[in-house]
């Protein structure tokens with residue numbers, strides 16, 4: 001699916017509700033409620049796969065995997081006291097080559113911040 005040149009998502013960030021709105025706009029034959037179910041199902045499936053330790057690869061976009069951070073000793077920044085930091089698993093995203101190129105080829109952002117988007121009617 002090609003990126004639409006007309007931006008309909010207000011503000012300078014994409015949220016889950018904004019994603020649902022955009023998918024619903026691009027698929028008028030599917031109800032907004034069904035679109036929300038589909039988006040939530042995709043996210044739920046991805047979360048479950050990562051919980052199980054699976055790697056998720058979306059060609060042209062990137063890959064998600066869980067990395068294990070070993071336990072270590074850190075320091076309390078206020079007191080300087082040593083603090084034990086437990087091992088933990090954390091999700092990690094590696095951007096794909098095609099996405100990286102598409103973002104790099106997009107117009108430069110103005111110095112003031114993100115591109116302003118048109119509000120949907």
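Yes or no, residue by residue, for (1) part of a loop (DSSP other than H, G, I, E, B); (2) modelled with pLDDT under 95; (3) under 19 Å from the mean Cα position of the chain (by Cα):
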residue: 3; (1), (2), (3): yes, yes, yes
residue: 10; (1), (2), (3): yes, yes, yes
residue: 21; (1), (2), (3): no, yes, yes
residue: 34; (1), (2), (3): no, no, no
residue: 42; (1), (2), (3): no, no, yes
residue: 54; (1), (2), (3): yes, no, yes
residue: 66; (1), (2), (3): no, no, yes
residue: 80; (1), (2), (3): yes, yes, no
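Under the condition of being under 27 Å from residue 21 (Cβ atoms), surrounded by 12 or more Cβ atoms within 10 Å (Cβ to Cβ) and in contact (Cβ under 8 Å) with a residue 12 or more places away in the chain, the residues counted in the range 50-69 number 5.
The values are calculated or read from the model by the stated rules, or taken from the named source; none is laboratory data. Predicted model, so just to flag it, every value in this text is computed and none were measured. A quick note on method: Cβ atoms are made from the backbone with ideal geometry, for glycine too, and the neighbour counts reach across all protein chains shown.
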